[in-house]
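Remarks on the structure that follows.
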Amino acid sequence: MTSEQALLVLGIETTCDETAAAVVERRADGSGRLLSNIVRSQTDEHAPFGGVVPEIAARAHVDVLDGIIAAAMNEAGVAFAGLSGVAAAAGPGLIGGVIVGLTTAKAIALVHGTPLIAVNHLEAHALTPRLTDAVEFPYCLFLASGGHTQIVAVLGVGDYARLGTTVDDAVGEAFDKIAKMLGLPYPGGPQVERAAEAGDPNRFAFPRPMLGRQDANFSLSGLKTAVRNEAGKLTPLDPQDIADLCAGFQAAVLDSVADRLGAGLRLFKERFGPPKALVAAGGVAANQAIRRMLREVAAKAQTTLIVPPPALCTDNGAMIAWAGAERLALGLTDPMDTAPRARWLLDAGATAPAKFANTRAGF
Ligand code: KG4
Ligand code: ZN
């Protein structure tokens, strides 16, 4: 297989709490086109528990995946026999869900004699701006969702260097935990952002974790504890207390993330020269205050900020299909005995920070 021909790829995403499938076309010139993108979020199933329950997630994927794939193929107007490849996220993620998606992709590949591409979910986030904005390598990715917080140098397909990661919570996870602590519904990020708008960010003196460090790692558990302590002193909380706590928390996150990204971009330049862009992905990039901060950070580093549209920033099938197409164009396919993986670092040589093993965030 070479990139001389247009490729049609089905992508399947089941690593967390979205069941998703999409079909993309990758043209010979390397540009991409989205033919369909179907996402079913499991938020309602998990909301009563205040977070994602792995067993419920896996069962829900089994229940709906076939229908989601059929809808994606239908909308794209493509038959299985017309596919150049079938891609599934093979990790990292909740293993039950990963098994459902990867096994389904293998079945389609076997029945139709189609190449299988086992995609790293993080690689798919990393390559999405090439589908949406045709961004050229190398660029700097800031990935911040409920499950991941990473700064990654994206140097080429399959060529990544992780510049920073969290040593405890992911940024979105911290937003969710603060929301839960303050009695706001799940998922907490948008709730905390909304509450913060009516709050005073200076009422509490919250710490700015990791500020000024040379490395580009993140830490959010100390800040979370500080918020918990202040909230504990005020209980019962009135709406203004909640607004002020959210505003103070968000302001501290903004300062810390801006500093950490500054460090990441410095490391990027030292090692790889100036990046073509700073790209933000993951649900946290939906936060307007975070976006304003990202624009400032990019301007300071004399680079352009690119944020794919929200539907392609959060988990979706199009990113898996696109990463599959980029790999397929290079002849990179995978055997039928490819194993699903709960953990899968993007850069093979990376070593994990000390506390990494106990978190969702570092995988
Ligand atoms: O990428 P995503 O949809 O799913 C994964 O985690 O894989 O990200 C969801 C995360 C949640 O933690 C959610 O609270 C956070 O992104 N999030 C936000 C906002 N919208 C979503 N965090 C802060 N502010 C927001 N407006
Ligand atoms: Zn994700």
| remark: If we keep only residues of region 1-27 that are surrounded by fewer than 16 Cβ atoms within 10 Å (Cβ to Cβ), modelled with pLDDT under 95 and not hydroxyl-bearing (Ser, Thr, Tyr), then the residue nearest to ligand 2 (Cβ to nearest atom) is 1
| task | Please verify whether region 249-260 includes one or more residues that are aliphatic (A, V, I, L, M), crowded, with 19+ Cβ neighbours inside 10 Å and under 20 Å from residue 135 (Cα atoms). | result | no
| field | Subset of region 30-53 that is modelled with pLDDT of 95 or more and open to solvent by 70 Å² or more (accessible area, probe 1.4 Å) - its residue that is nearest to residue 95 (Cα to Cα) | value | 40
| query | Looking at 93, 11, which is the one that is within 16 Å of ligand 1 (Cβ to nearest atom), in a loop (DSSP other than H, G, I, E, B) and outside the structural domain of residue 181 (by the TED database)? | reply | 93
| Check on residue 317, assigned by the TED database to the domain that holds residue 179 and either touching a His at 6+ places or on another chain (Cβ under 7 Å) or open to solvent by less than 40 Å² (accessible area, probe 1.4 Å) (or both) | no
| query | From the set of residues in region 175-217 that are part of a loop (DSSP other than H, G, I, E, B), aliphatic (A, V, I, L, M) and within 24 Å of residue 233 (Cα to Cα), which is least open to solvent (accessible area, probe 1.4 Å)? | reply | 182
| Considering residues of region 107-129 that are free of Cβ contacts under 8 Å to residues at least 40 places away in the same chain and either out of contact with any Gly (no Cβ under 9 Å at 6 or more places or on another chain) or among the acidic types (Asp, Glu) (or both) only, the residue nearest to ligand 2 (Cβ to nearest atom) | 107
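Residues are listed down the side, and each one gets a yes or a no for (1) within 15 Å of ligand 1 (Cβ to nearest atom); (2) under 28 Å from the mean Cα position of the chain (by Cα):
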| site | (1), (2) |
| --- | --- |
| 211 | no, yes |
| 230 | no, no |
| 233 | no, no |
| 240 | no, no |
| 247 | yes, yes |
| 250 | yes, yes |
| Unique residue being of a type in the set (S, T, N, Q) and surrounded by fewer than 22 Cβ atoms within 10 Å (Cβ to Cβ) when the list is 132, 128, 149, 166 | 132
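The values are calculated or read from the model by the stated rules, or taken from the named source; none is laboratory data. Everything numeric here is computed off the predicted structure, so don't read it as measured data. With ideal geometry, Cβ positions are generated from the backbone for all residues, glycine too; neighbour counts draw on all protein chains shown. Ligands, DNA and RNA are stripped out before the accessible areas are found, and what is left, the full protein with its side chains, is counted by its heavy atoms. Shrake-Rupley method; radii C 1.70, N 1.55, O 1.52, S 1.80 Å.
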